[in-house]
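Take a look at the structure set out below.
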Amino acid sequence: MHHTLPFVALKTRPGWRETQDEGDWDIFYACTGWIHENLPYAGVGGFRLLDHQKVNHFPNHIELTRKDLMAKNLKRTKRALEKEGRLEEAAEFEFFPTTFTLPSEGAMLLRAFQVTGGVWIMKPIGRAQGKGIFLVNRASQIESWLKERGKEKAENCCYENYVAQRYIDKPYTVAGRKFDLRLYCLVLSYNPLKVYLYREGFARFTAARYSNDDISNNFIHLTNHAIQKKDGDYDPTTTDLKWPVGQLKRYMTTMHGAAAVDRCFHGIQSLMVNSLRAVQNVMINDKHCFEMYGYDIMLDNDLKPWLIEVNASPSMTADTETDRALKLGLLDDLLTVTDAEGKYNGNPPRRVGGFDLIVDNGAVIPPDEPTSMPTMLGCANNRQQQLKKLNSKNP
């Protein structure tokens, strides 16, 4: 615990100290297990927090961060907009792959496969770091898997539900290598919605060049760093298979021009905001809670962003000094924005370090500095300079 980056970030803040008193604290960077066991869910039971105390998860964050529930909420929101005739708004939700929950929607998956075929990616709903994921491209593979699950259920064996997503088989690549993006947004409130987006993040690459010839090779298809580190061709002394998002943005601008890349990055920000709006009415908006989500996003070869999943506890381990610096800066800025010290009277500025306010009182707002860009994602993060200026105004 004392070597984790969240602990380091908390411990190194001036005037902050660790306490062993379960009731005498201001901010608790808790695991999701503690949240589920101790926070009141739907107003029933649980640990009662004092007015000044804050924790880093909403009680039912799984509405967004569990793969099956995320898909359910996104589909529900899209259908509701279509039913109301708000077709332009509904079209804004075309950012997640077709998804089925298994085994309950197994028949629907098979019907979809019969119509379109293609490759589908199967994921357990509650695991992370690429564990349990595999790809299928034949109906017989799906039928065999469903049959096995039915057998386990009949025998009262423990088994996991899965989701099946249509695989993005034409991803955008760099030097022939597939990647996804890990980006961070911070929700201070769901009602009204208040969201900050961090300027930095990173692209996670595969060590192997992309190909659809072998769908069983996870080193080609899964970008999770925990998977890629096990590839025999991975050499950490040569590369950590990560690019800062700013570096990726500069590369893309060189290849495709600023206008196309601005549209792409604006699309990324928009899908993040719309995903939060999709769960806004089902999320328990506890005033004691905030949450920093780790978004996993993929680009296809048309530069269209796709939401893959959202993580409630994005990894805060670091393999390199660059990774460590990014995550410590991120955590430090997170603790400043949440304002446990009361420096901003619960209303932090539009920019705090690397965080930019993108939604306030439910409305999307433009960047708080002169720019023609629709989002500050991937822009220079001069957080130390910005914090120094901020502290001079709020000593």
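Computing Rg and the Kirkwood Rh from the Cα coordinates of the stretch 63-168 gives a ratio, Rg/Rh, of 1.00. Tell me, what is the FRET efficiency for Gln129 and Glu160 to the nearest 0.05, using R0 = 22 angstrom and their Cβ-Cβ distance as r? Calculated transfer efficiency: 0.90. Trp243 exposes around 60 Å² of accessible area when a 1.4 Å probe is run over every protein chain in place. Rolling a 1.4 Å probe over the protein heavy atoms gives the stretch 180-256 an accessible area of 42 Å² per residue.
In the stretch 280-356, Rg over Rh equals 1.03, where Rg is the alpha-carbon radius of gyration and Rh the Kirkwood radius from pairwise Cα distances. Think of a 1.4 Å ball rolled over the protein heavy atoms: the stretch 310-395 then has 49 Å² of accessible area per residue.
If the segment from Asp231 to Leu87 were pulled out straight at 0.36 nm per residue, it would be longer than the present Cα-Cα gap by 47.3 nm. Measuring nothing but protein heavy atoms, the accessible surface of the stretch 118-208 at 1.4 Å probe radius is 47 percent carbon and sulfur. Scaling the Cα radius of gyration of the stretch 356-395 by the globular reference 2.2 N^0.38 Å produces a ratio of 1.35. Assuming R0 = 25 Å, what is the FRET efficiency of Glu148 and Asn212, from their Cβ-Cβ distance, to the nearest 0.05? Efficiency computed from Cβ-Cβ geometry: 0.45. Pairwise Cα separations in the stretch 97-235 fall into 10 Å bins from 0 onward with the following percentages, short to long: 10, 33, 31, 20, 5. Measuring only protein heavy atoms, the 1.4 Å probe finds His266 accessible over about 80 Å².
If the chain linking Asn347 and Lys388 were pulled fully straight, counting 0.36 nm for each residue of separation and taking away their Cα-Cα distance, it would gain 12.9 nm.
Overall size of the stretch 227-383 from C-alpha positions, given as principal axis extents largest first: 50, 34, 33 Å. Each Lys or Arg adds one and each Asp or Glu subtracts one; over the other residues with Cβ under 11 Å from the Cβ of Asp240, this totals -1.
Once divided by 2.2 N^0.38 Å, the Cα radius of gyration of the chain becomes 1.01.
Per-residue extension of 0.36 nm, minus the Cα-Cα distance of Arg17 and Gln114, leaves a gain of 29.0 nm for this segment. The modelled label-to-label distance between Ala107 and Arg250, using points 7 Å beyond Cα along the C-beta direction, is 5.6 nm. Aspartates and glutamates near Lys123 by alpha-carbon distance under 15 Å, same-chain residues fewer than 8 away left out - which ones? The qualifying aspartates and glutamates are Asp68, Glu105, Glu160, Asp296, Glu309.
Once the 1.4 Å probe is applied to the protein heavy atoms, the stretch 1-97 comes out at 59 Å² accessible per residue. Among Lys131/Lys194; Lys11/Lys343; Lys131/Lys170; Lys54/Lys388, which pairs are too far apart, with a Cα-Cα distance over 21 Å? Long pairs (Cα-Cα over 21 Å): Lys131/Lys194; Lys131/Lys170; Lys54/Lys388.
The values are calculated or read from the model by the stated rules, or taken from the named source; none is laboratory data. Note that the structure is a prediction, hence the values are computed from the model and not measured. Backbone-built Cβ (ideal geometry, glycine too); neighbour counts: all protein chains shown. Remember, those area values only see protein heavy atoms, side chains included, never the ligands or the DNA or RNA. Shrake-Rupley method; radii C 1.70, N 1.55, O 1.52, S 1.80 Å.
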